[in-house]
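A short reminder: the numbers here are calculations on the coordinates, not readings from a lab. All of these numbers come straight from a predicted model, not from anything done at the bench. Cβ placement follows ideal geometry from the backbone for every residue including glycine, while neighbour counts extend to all protein chains displayed.
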Amino acid sequence: MEYVKKLIRDVPDFPKKGIVFKDITPLLGDAKAFARVIGAFAERIEGKGITKIVAIESRGFIFGAALALKMGLGFVPVRKPGKLPYQTVRESYALEYGTDAIEMHRDAVQPGERVALVDDLLATGGTLAACVKLVKRVGGDPIVSLLVVELSFLNGRQKLEGHEVHTLITF
């Protein structure tokens, strides 16, 4: 993963002053690195009986869809409110200042389905924790979360205690 890590660039003051954004675009532009990420994710879920890949908007879609295709599994998008065209379930979560929410189609995950959650980055853990709750609310079993990057200094894993989390690269 050292090869992949070198492709992730820092963009200072994006999206606002004081933030150092971890840009995965160069990783996506390198077929070898992208394949390594998807291969590593596939290894993590092999033998776990996963039946669906649930991915979080928007960069999680890139990795989640590729993983679902590789593993021959269904893909479920989780989006910001108002972006999905059918009946949805919603989960709100706290931000530093206020709240946000995510949604998925009510029928996207069936009761008892074993789910792997995918996103590009684990920061504070709020979005991922909300996604775990969404899957549970419709009767799914969120088995594991797979992330490309973890910003460990933000302590996002604390919101996911008791849930299996795998990250490939830690900053």
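Quick rundown of the values:
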item: Antiparallel bridges, percent of DSSP beta bridges restricted to the stretch 38-171 (to nearest 5); result: 30
item: Cβ-placed point charges (K, R +1; D, E -1), dipole of the stretch 23-171 about Cα centre in debye, nearest 20; result: 300
item: Of the trypsin sites (Lys or Arg not before Pro) in the stretch 1-88, those whose Cβ has at most 10 other Cβ within 10 Å and which sit in DSSP loop; result: K16, K17
item: Net charge over other residues, Cβ less than 14 angstrom from the Cβ of G39 (K, R count +1; D, E count -1); result: +1
item: Likely footprinting exposure, M71, M1, M104, fewest C-beta neighbours within 10 Å first; result: M1, M71, M104
item: Given K133/K159; K22/K136; K80/K133, the pairs whose alpha carbons are separated by over 18 Å; result: K22/K136
item: The chain: most fluctuating residue of E46, E103, E113 per GNM, C-alpha cutoff 10 Å; result: E46
item: Near-label residues of the stretch 129-171 by backbone N, under 18 Å of a point 7 Å along Cα→Cβ of D30; result: 148-150, 168-171
item: Footprinting exposure proxy for L128, L73, L121 (fewest neighbouring C-beta atoms within 10 Å first); result: L73, L121, L128
item: Per-residue Cβ neighbour rank within 10 angstrom, fewest leading, Y97, Y86; result: Y97, Y86
